[in-house]
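*Asks:* Structure incoming, see below.
Each value in this text was obtained by applying a stated rule to the coordinates, not by laboratory testing. In this text the structure is predicted, and so the values were computed from the model without any measurement. Here the Cβ is made from the backbone with ideal geometry for all residues, glycine too, and neighbour counts use every protein chain on show.
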Amino acid sequence: NAGVTQTPKFQVLKTGQSMTLQCAQDMNHNSMYWYRQDPGMGLRLIYYSASEGTTDKGEVPNGYNVSRLNKREFSLRLESAAPSQTSVYFCATGPGLITDTQYFGPGTRLTVL
Amino acid sequence: AQSVTQLGSHVSVSEGALVLLRCNYSSSVPPYLFWYVQYPNQGLQLLLKYTSAATLVKGINGFEAEFKKSETSFHLTKPSAHMSDAAEYFCAVSEWTDKLIFGTGTRLQVFP
């Protein structure tokens, strides 16, 4: 029972390159989330998926796309990376009710040069 | 619009001393409030949450928080700090949906 897994753990990109961050969960949760964490800014929601086949923008969606492939997997894509996207990215899952706990993956540290 | 403010980006205490991490919220409706902890190089994990049952909420590792509507606060406390409590702590609020709004975090240092 791995919980929430993210790949890769670290990545360095050059400006303009693309990449996809992968997230998978074995908790049978409906909702999945992508956050970015920046110093002094806490965590900010990028995109959100309430169920397979549905996605919704969060607070900072510009420059990102997502795909909810199935109930287990939720990927985040950077089409043309920019230095402002240097951050630590966290995937989280939850049952989907307002009072529910969210469960976080270990994070992906991305540097864009 | 909902928001949370965490006063103090860094808090330092001695081992055995009281830990007090402050969180104030802004919400147009009774909110649900959460405290998450992040240990170095790890993801976040839930410490405790307020979901409108008891106003004093007990969490893991000896932490507790009290919801005070009149003060719009949800401060996190622990009577006696341990070295293993050194981490970053985030307060978060949810209002109408399961989407969380996080505060900017407070880094707790514990000195021997």
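*Asks:* Using just the Cα positions, wrap the protein assembly as shown in a convex hull and report its mean projected area in square nanometres, one decimal place.
*Replies:* Approximately 12.3 nm², given one-decimal rounding.
*Asks:* What are the GluC sites (Glu not before Pro) within the stretch B:20-80 that DSSP puts in a loop, where the Cβ has at most 15 other Cβ atoms within 10 Å?
*Replies:* Hits after loop and neighbour filter: B:GLU71.
*Asks:* If you don't mind, another one. Quickly rank B:20-28, A:48-56 as a protection proxy: mean count of other C-beta atoms within 10 Å, highest first.
*Replies:* Descending packing order for the listed peptides: B:20-28, A:48-56.
*Asks:* At a Förster radius of 22 Å, what calculated FRET efficiency corresponds to the Cβ-Cβ distance of A:ASN65 and B:GLN42, to the nearest 0.05?
*Replies:* Calculated value: 0.25.
*Asks:* In a shell of Cβ-Cβ distance under 11 Å around B:GLY8, excluding B:GLY8 itself, what net charge do Lys and Arg (+1) and Asp and Glu (-1) give?
*Replies:* +2
*Asks:* Spin-label point model (7 Å from Cα, Cβ direction): what's the A:SER84 to A:THR5 distance in nm?
*Replies:* Going by the 7 Å Cα→Cβ label model, 3.4 nm.
*Asks:* Suppose every K and R has +1 on its Cβ and every D and E has -1 on its Cβ; what is the size of the dipole of chain A about the Cα centre, in Debye to the nearest 20?
*Replies:* Dipole about the Cα centre, nearest 20: 260 debye.
*Asks:* Let me ask something else about it. Cross-link candidates for B:LYS68: which lysines have Cα within less than 23 Å, leaving aside residues fewer than 8 places away along the same chain?
*Replies:* List returned: B:LYS49, B:LYS58, B:LYS78, B:LYS99.
*Asks:* On to the next question. Once you average over the residues of B:45-52, how many Cβ atoms of partner chains fall within 10 Å of each Cβ?
*Replies:* Taking all residues of B:45-52 together, the mean is 2.
*Asks:* For the stretch B:13-112, give the magnitude of the charge dipole about the Cα centre (Cβ charges: +1 Lys/Arg, -1 Asp/Glu; no others), in debye to the nearest 20.
*Replies:* For the stretch B:13-112, the charge dipole is close to 100 debye.
*Asks:* Other chains near A:105-111: what is the mean number of their Cβ atoms within 10 Å of each residue's Cβ?
*Replies:* Average per residue, whole number: 2.
*Asks:* May I pose another question? Where the centroid of each part is defined by its Cα atoms, how far is the stretch B:10-66 from the stretch A:12-85 in Å?
*Replies:* 26
*Asks:* Can you give the convex hull volume of the alpha carbon atoms of chain A per residue, in Å³?
*Replies:* Considering the Cα atoms of chain A, their hull volume per residue is 93 Å³.
*Asks:* What is the sum of charges around B:PHE74, taking Lys and Arg as +1, Asp and Glu as -1, for the other residues whose C-beta is under 15 Å from the C-beta of B:PHE74? List each step's numbers first, then the result.
*Replies:* Values: positive: B:ARG22, B:LYS49, B:LYS58, B:LYS68, B:LYS69, B:LYS78; negative: B:GLU64, B:GLU66, B:GLU71, B:GLU95.
Net of charged neighbours comes to +2.
*Asks:* Give the relative contact order (percent, whole number) for the stretch A:27-113; include only Cα pairs under 8 Å separated by 6+ residues.
*Replies:* 29
*Asks:* Let me ask something else. When Cβ neighbours within 10 Å are restricted to other protein chains, what is their mean count per residue of peptide A:47-53?
*Replies:* Mean shielding by partner chains, rounded to a whole number: 1.
*Asks:* Compare the Cα positions of A:PHE104, B:ASN41, A:THR20 along the charge dipole of the protein assembly as shown (+1 at Cβ of Lys, Arg; -1 at Cβ of Asp, Glu; about the Cα centre) and return the one farthest towards the positive end.
*Replies:* Of the options given, the answer is A:THR20.
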